[in-house]
Amino acid sequence: YRRIVLAARPRGPVAAENFRLETVDVPELADGEVLIRNHYLSLDPYMRGRMSAAKSYATSQALDETMIGGTVGQVLASRNAYFKAGDAVGGMLGWAEMGVSDGVLLRKLDTTRIPLSAYLGVVGMPGMAAWYGFHQILEAGAGDTVVVSAASGAVGSVVGQLARLRGCHVVGIAGGPEKCEYVVKQLGFDACVDYKAGNLDAELAAATPDGVDAIFENVGGACLDAALARTNPFARVALCGLIAGFNGQEMPIKNSRLLLINRLMLRGFIVTEHMEFWQQGLQELAVLVANHQIKYRESVAEGLAAAPQAFMGLLQGQNFGKQLVKLF
Ligand code: NDP
């Protein structure tokens, strides 16, 4: 089967030379192991951090090893009593058409009401990041104004819809008129500001006449600054991602004075460190998705060889919704 390994660490923006496509043999299964054919691979911004050797919350990805990544697929063969051939499963088998799991990080998935691919997005890690940051950090209630950056994306789209369900006034920030229109018309945000239109501060101010009580930050830099400028006293910031700085760009905060003046609370979080909430969160998200109370959108690249290009596109905002690679 084919897999993609990390060939070299990026210097600056990720490039095709950082990856290598290889063909490897399907291994013999040992006792307890499961062979899986991956149907979808998830591409996520955190992979950019793993490609670099810089210190972070997680260790870097090793060179010449399969690129890390979440996958969903089907069991082909099993020597593990809990899994049988044909089971739909989710795991962390990486950028590969197949993989062997010892069963520890493998989860059986119910595809009767939720499509397989959604377990990598809205009912998976990105959905959980939205759920955790919104419910456990922002704790925004009816009438609060919530600002969400990367609003059309996998995480941001869920945050905004959870906030709408809570009765919040929700304002998104996204790149381009098409994404903004989707965020308002399809996802039901109250407003969405196109940060690429060149008037972020003024447009965000106009969209938040009562100020801002909660910020779900996915981007950093100018997006965070514009939202901070609108904060009310005791506003909360859930710092989920800083994609604006993924290539080492500096992201100075001009409005740091407001952290003090408005007695703000800013908390960064890594959703995989809060596994105790996953069962509850995923269950709630699954019900909302099955009942069509939360909508989602996917950008699907075809075939493993398309993964590097799709990943580079994700880091430049070329995805529109959750970025996946369809393998089978
Ligand atoms: P998305 O689906 O939101 O895709 C990334 C989006 O980021 C792009 O579509 C683009 O949207 C936006 N973007 C990229 N570069 C910039 C830039 N320079 N300025 C502004 N926006 C930019 O990805 P996810 O939903 O998977 O992830 C969103 C964020 O959440 C990321 O920062 C990620 O690292 C973080 N995250 C954190 C987790 C945690 O546990 N802390 C867990 C999961 C995700 P646009 O076209 O609108 O600019």
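Here, each number is a calculation from the coordinates, and none is a lab measurement. Since the structure is predicted, the reported quantities are computational estimates derived from the model, not experimental observations. Cβ placement follows ideal geometry from the backbone for every residue including glycine, while neighbour counts extend to all protein chains displayed.
With +1 on each Lys and Arg Cβ and -1 on each Asp and Glu Cβ, how big is the dipole of segment 125-272 about its Cα centre, in debye rounded to the nearest 20?
Details: 11 positive and 13 negative charges, 54 e Å.
Rounded to the nearest 20 debye, it is 260 debye.
Work from the charge dipole of segment 20-68 (Cβ charges, +1 for Lys and Arg, -1 for Asp and Glu, about the Cα centre) and give the residue of TYR57, TYR40, ILE68 farthest towards its positive end.
The listed residue farthest towards the positive side: TYR57.
Just to confirm a number: summing +1 for Lys and Arg and -1 for Asp and Glu over residues other than HIS135 whose beta-carbon lies under 11 angstrom from that of HIS135, what do you get?
Numbers: positive: ARG166; negative: GLU139, GLU284.
That works out to -1.
Which order do GLU284, GLU22, GLU97 fall in if you start with the one that has the fewest other Cβ atoms within 10 Å?
On the way: GLU284 16, GLU22 13, GLU97 23.
Sorted ascending by nearby Cβ count, the order is GLU22, GLU284, GLU97.
Rounded to the nearest 20 Debye, what is the dipole magnitude of the chain about its Cα centre when Lys and Arg each give +1 and Asp and Glu each give -1 at the C-beta?
220
What spacing in nm lies between the two simple spin-label points modelled at LEU63 and VAL104, each 7 Å away from Cα in the Cβ direction?
According to this spin-label approximation, the distance is 2.7 nm.
Once the other residues with Cβ under 13 Å from the Cβ of ASN291 are scored (Lys, Arg +1; Asp, Glu -1), what is the net sum?
+1
Enumerate the helices in the chain for which the Kyte-Doolittle hydropathy averages 0.5 or more and the C-alpha atoms extend at least 15 Å along the helix's axis, using complete DSSP H runs.
Working: long enough: 154-165 (17 Å, 1.18); 278-290 (17 Å, 0.62).
Passing helices, by number: 154-165, 278-290.
Could you give the semi-axes, largest first, of the ellipsoid that matches segment 152-204, computed as the square roots of 5 times the alpha carbon gyration tensor eigenvalues and rounded to whole Å?
Taking √(5λ) for each Cα gyration eigenvalue gives 18, 12, 9 Å.
Need one number: nm distance between label points at HIS274 and GLU139, each 7 Å from Cα along Cα→Cβ, rounded to one decimal.
So the label points at HIS274 and GLU139 sit 1.2 nm apart.
Just want the answer: with Cβ charges of +1 for Lys and Arg and -1 for Asp and Glu, which residue in VAL193, VAL219, LEU260 is farthest toward the dipole's positive end in segment 125-272?
Checked the options; the winner is LEU260.
Once you charge only the Cβ atoms, +1 for Lys and Arg and -1 for Asp and Glu, what is the size of the charge dipole of segment 169-213 about its Cα centre, to the nearest 20 debye? Before the final figure, lay out each step's value.
Values: 3 positive and 8 negative charges, 37 e Å.
Its charge dipole is roughly 180 debye.
What ranking do ILE36, ILE270, ILE114 get, fewest neighbouring Cβ atoms within 10 angstrom at the top?
Numbers: ILE36 27, ILE270 13, ILE114 17.
Ascending number of Cβ neighbours within 10 Å: ILE270, ILE114, ILE36.
Please compute the length gained on full extension between ALA222 and GLU284, using 0.36 nm multiplied by the number of residues separating them and subtracting their Cα-Cα distance. Walk me through the intermediate numbers first.
On the way: separation 62, 0.36 × 62 = 22.32 nm, distance 3.27 nm.
Gain on extension, ALA222 to GLU284, equals 19.0 nm.
So if each residue of separation counts as 0.36 nm, and I subtract the Cα-Cα distance between ARG263 and GLU302, what length gain in nm does that give? List each step's numbers first, then the result.
Values: separation 39, 0.36 × 39 = 14.04 nm, distance 4.78 nm.
Computed gain between ARG263 and GLU302 is 9.3 nm.
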